[in-house]
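Below is one structure, written out as structure tokens; the observations come after it.
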Amino acid sequence: MPHIRVEYDEKVAGVFDRRGFAQGVHSALAEIVGGRAGGCKTRFLPLAETFVADGSDAYAMVHVEIGILSGRTPEAKRELGEAVLGLLRKNVGATPGAELQLSVDVVDLDRETYVKYDRPAEEA
């Protein structure tokens with residue numbers, strides 16, 4: 001169920017351990033808000049063009065949006081956001097010559113309208 005969307009400046013592509021980050025996020029989701037790591041879906045979207053602050057090359061950014069089913073407390077969502085920010089700090093290396101801005105937003109997926117289907121793998 002959890003949907004994780006990671007938008008990142010192409011300037012950080014070479015210093016961003018995306019696989020390690022996703023593994024950490026999936027574990028954090030299961031531990032903090034009770035999601036099932038097997039149901040997590042992370043999408044990485046490199047951004048060829050960003051405009052941060054004054055638009056100069058002195059900035060780079062990574063933004064994560066996590067969609068979870070509604071009903072979690074604000075405290076649990078805040079804890080998840082802080083954990084994911086910590087994972088970003090751990091998994092995105094230095095960006096020489098650029099200030100790195102990291103952010104996380106945890107949003108609700110409406111339980112009443114969210115639908116999904118899991119198709120089992122077909123056997124060979």
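The values are calculated or read from the model by the stated rules, or taken from the named source; none is laboratory data. Predicted model, so just to flag it, every value in this text is computed and none were measured. Please note: Cβ atoms are built from the backbone with ideal geometry, for glycine as well, and neighbour counts cover all protein chains shown.
Restricted to the stretch 86-104, and to residues there that are under 16 Å from HIS26 (Cβ atoms) and not polar (S, T, N, Q), the residue that is surrounded by the fewest Cβ atoms within 10 Å (Cβ to Cβ) is LYS90.
Of the residues screened, VAL107 is one that is under 25 Å from LEU47 (Cα atoms) and either crowded, with 18+ Cβ neighbours inside 10 Å or of a type outside the set (D, E, K, R) (or both). When only residues in the stretch 34-67 that are aliphatic (A, V, I, L, M) and touching a His at 6+ places or on another chain (Cβ under 8 Å) count, which is nearest to ARG111 (Cα to Cα)? Step by step, filter the stretch 34-67, then rank; the result is ILE66.
Residues that are without any contact (Cβ under 8 Å) to a residue 60 or more places away in the chain and in a helix (DSSP H, G or I) within the stretch 15-34 comprise ARG19, ALA22, GLN23, HIS26, SER27, ALA28, LEU29, ALA30, GLU31, ILE32, VAL33, listed in sequence order. When the stretch 41-84 is limited to residues that are more than 10 Å from the chain's Cα centre (by Cα) and basic (Lys, Arg), the one that is surrounded by the fewest Cβ atoms within 10 Å (Cβ to Cβ) turns out to be ARG78. Among residues of the stretch 5-16 being surrounded by fewer than 21 Cβ atoms within 10 Å (Cβ to Cβ) and under 10 Å from the mean Cα position of the chain (by Cα), the one that is nearest to SER70 (Cα to Cα) is ARG5.
For the stretch 17-27, the criterion of a residue being at pLDDT 95 or above, surrounded by 14 or more Cβ atoms within 10 Å (Cβ to Cβ) and charged (D, E, K, R) is satisfied by at least one position.
For the stretch 73-94, a residue qualifies if it is touching a helix residue (DSSP H, G or I) at 6+ places or on another chain (Cβ under 7 Å) and either among the polar types (S, T, N, Q) or at pLDDT below 95 (or both), and the qualifying residues are ASN91, ALA94.
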